[in-house]
Amino acid sequence: MGKTTPGRHPSRRRPVPRPTLVVGNWKMRLRTGAAIELARALGQLRVPAGIEVVACPSYPALADVRRALVRSKITLGAQDVSAFGPGAHTGDVAAADLASLGCRYVIIGHSERRSAHGETDELIRRKLIAALAHGLSPVLCVGEQAEDRRLGRQHTVVSHQIERALRSVPPPHRRQELVVAYEPVWAISPGGPATPEDAFIMAQVIHQSLVDHYGERLTDSATRILYGGSVAADNVATFIDGDRIRGVLVGAESVEPRHFQHLVSAIPGGA
Ligand code: PGA
């Protein structure tokens, strides 16, 4: 992949600083009725100017949640996407459908999908291509297992995940971003969070992999790195430094409106 894209001037495309991103991954925690209730409650949240909140309900709730959020500042995302275009793919949901349902983001390669559904870097790569082709901004999840960290190989595991997932993947374009969430598998609740120092070191590793793939300019203008794994109101500020880590992916604490409001309010510059 070339370092730059001819004819594009990413630095001109994004003259204003991008808001801190807070992505709520509701997982399969809520039935549709509860998801609508949560969306209505989130619609009342005070979302400060420097923060973008993304709600990612499960597929069946997307249309209702979109309606519930219509007058709010909260953006919609999905938790997964098919690698295929429309056709004979039982159980899959096409990127085109997610886009027309109003999704701007889609989580791809979450560790729960890698482990429970055997998703490989190659499948994740094809999902990234599908998402980008339909105007979605992927939230690519990467992260090492506890055993990898014990053996000190977290850097290679994560940079290989990125390298393999991005092979021949075209760059984000127009308003798209490639978001990479560093989510060490052992830190996802009920595990405990990583230390901010470890998260910053891994963000540096991820940044370097992105620069190797996209070049410096495109990495700066069209990618961002999040931290995920047991993020809560009392630790969120320690992970976001506005430079290396510019947002968070939140699971358990995103489905309880009061906790989520506290979390959003605890973000530096977000009170
Ligand atoms: P958690 O989940 O915040 O509950 O640890 C994060 C995630 O799995 O995306």
>> Distance between the C-alpha centers of the stretch 72-144 and the stretch 199-256? Whole Å please.
In response: 19 Å
> What is the extension gain from Arg18 to Lys73, computed as 0.36 nm multiplied by their sequence separation minus the C-alpha to C-alpha distance, in nm to one decimal?
Replying inline: 18.3 nm
>> Using DSSP H assignments, which helices in the chain have an axial alpha-carbon span of 20 Å or above and a mean Kyte-Doolittle hydropathy of -1.0 or higher?
In response: 196-214
>> With +1 on the Cβ of every Lys and Arg and -1 on the Cβ of every Asp and Glu, and nothing else charged, how large is the dipole of the stretch 28-141 about its Cα centre, in debye rounded to the nearest 20?
In response: 420 debye
> Which FRET efficiency value, to the nearest 0.05, do you get for Ala133 and Thr156 by plugging their Cβ-Cβ distance into 1/(1 + (r/R0)^6) with R0 = 41 Å?
Replying inline: 0.85
>> Given N residues in the stretch 169-271, what is its alpha carbon radius of gyration divided by 2.2 N^0.38 Å?
In response: 1.10
>> Suppose we take every Cα in the chain and form the convex hull; what volume per residue is that in Å³?
In response: 122 Å³
>> Show me the ranking of peptides 130-140, 197-207, 29-39 by mean Cβ neighbours inside 10 Å, starting with the highest.
In response: 130-140, 197-207, 29-39
> Hey, with R₀ at 35 Å, roughly what FRET efficiency would Arg40 and Ala88 work out to, going by the Cβ-Cβ distance, to 0.05?
Replying inline: 0.40
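I need to check one value: relative contact order of the chain, counting alpha carbon pairs closer than 8 Å and at least 6 residues apart, in percent.
21 percent
Every number here is computed from the coordinates shown, using simple stated rules; none is lab data. What you are looking at is a predicted structure, and each value in this text was computed from that prediction instead of being measured. Cβ atoms come from the backbone with ideal geometry, glycine included; neighbour counts cover every protein chain shown.
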